[in-house]
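The structure appears below as structure tokens.
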Ligand code: NAP
């Protein structure tokens, strides 16, 4: 058996098309163009590529974006000052600080300084809290991408046993909360580096999501025949980009499988655009209903 591949690239293109139409309608109705302010601190080449791609995505759907590039030795105070400026700027709807930031900067402080309504990455503690309570303002981009990949491919979640490997704040942990919420109704097991007998648990999964950053870590013997396998990992190796799943081996066992690249990555990017449009809607609707 060879798994059906879940084409994230094609799905992302479809969602971008839908979004472009929604952005056009929003601009017609309000006269306002949704706008994202991106901040890049330092000269990390991977971060530069990520930010460039995010800005290109914005252009494609009619969202405007500005990029502020700051040098490697930027102080925390200067970065916080810039975030404050964006918080107060009515023309900015979404703020993105590309991570990682250089070591002299406290990431958590910077993320907490972004106005929660403009926090399109959904990393602010207020937005994390709302997510946990089941009334999210924004869904974090990668977990949302995984959810869309499952739902738009008609892969049932309700009552399914989802095993997530990796408990980071940006992928595994929020995804575990989202999929277990009322309405999605999955039964979730969250695994990490201290999990005992990991293969015994991953073999129980109807849906296995892997986000650990270890090339080809999940092998065929760790997968239940017919399971859905979502590979979030992106690892740069001598053989190019590979996921956390041993694609060739797992493909022979799984029912559905995401490729890397072309799986979750393109959906993560598109979800940032979804959040930026949502931010623009919220902020503009507040502005028009708040008496001056
Ligand atoms: P992270 O912050 O480094 O967290 C890694 C997690 O994996 C930790 O919870 C760690 O456990 C767990 N882990 C590490 N080794 C393990 C092992 N041998 N067995 C079980 N669990 C193990 O990673 P991240 O930021 O979530 O990223 C994970 C991967 O996803 C990376 O390859 C990253 O590039 C990729 N990624 C992709 C996208 C996308 O859009 N496709 C988005 C974000 C990240 P402990 O907590 O116990 O240390």
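Listing for the model above:
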quantity	calculated
Lone qualifier among 245, 228 - being buried (at least 19 other Cβ atoms within 10 Å of the Cβ), within 15 Å of the ligand (Cβ to nearest atom) and at pLDDT 95 or above	245
So residue 211, is it within 16 Å of the ligand (Cβ to nearest atom), in the same structural domain as residue 189 (by TED's automatic domain parsing) and touching a helix residue (DSSP H, G or I) at 6+ places or on another chain (Cβ under 8 Å)	yes
Qualifying residue in the range 56-66 (condition: buried (at least 18 other Cβ atoms within 10 Å of the Cβ), modelled with pLDDT of 95 or more and farther than 18 Å from residue 269 by Cβ)	no
Cβ-Cβ under 6 Å pairs, at least 6 apart or on other chains, the range 214-226 side in the same structural domain as residue 162 (by TED's automatic domain parsing), far side in a loop (DSSP other than H, G, I, E, B) and more than 11 Å from the ligand (Cβ to nearest atom)	216/246; 219/246; 220/253; 223/253; 223/254; 224/203; 225/253; 226/255
Qualifying residue in the range 252-259 (condition: more than 10 Å from the ligand (Cβ to nearest atom) and farther than 24 Å from residue 153 by Cα)	no
Enumeration of residues in the range 121-155 that are out of contact with any helix residue (DSSP H, G or I) (no Cβ under 7 Å at 6 or more places or on another chain), part of a loop (DSSP other than H, G, I, E, B) and over 22 Å from residue 212 (Cβ atoms)	133, 134, 135, 153, 154
Selection status of residue 262, surrounded by fewer than 21 Cβ atoms within 10 Å (Cβ to Cβ) and closer than 29 Å to residue 56 by Cβ	yes
Any chance residue 174 is in contact (Cβ under 8 Å) with a residue 40 or more places away in the chain, loosely packed, with under 14 Cβ neighbours inside 10 Å and within 16 Å of the ligand (Cβ to nearest atom)	no
Residue, surrounded by the most Cβ atoms within 10 Å (Cβ to Cβ), within the range 129-166, restricted to residues that are over 14 Å from the mean Cα position of the chain (by Cα) and near the ligand (Cβ under 9 Å from one of its atoms)	165
Test for residue 239: is it away from the ligand (no atom under 14 Å from the Cβ) and either without any contact (Cβ under 8 Å) to a residue 12 or more places away in the chain or surrounded by 18 or more Cβ atoms within 10 Å (Cβ to Cβ) (or both)	yes
Odd one out for residue 267 among (1) surrounded by fewer than 24 Cβ atoms within 10 Å (Cβ to Cβ); (2) in a helix (DSSP H, G or I); (3) near the ligand (Cβ under 9 Å from one of its atoms)	(1)
Number of the condition not met by residue 44 [criteria: (1) modelled with pLDDT of 95 or more; (2) under 18 Å from residue 96 (Cβ atoms)]	(1)
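The values are calculated or read from the model by the stated rules, or taken from the named source; none is laboratory data. Treat the numbers as computed from the prediction; the structure is a model and nothing was measured. When we count neighbours, we look across all protein chains shown, and the Cβ atoms used for this are built from the backbone with ideal geometry, even at glycine.
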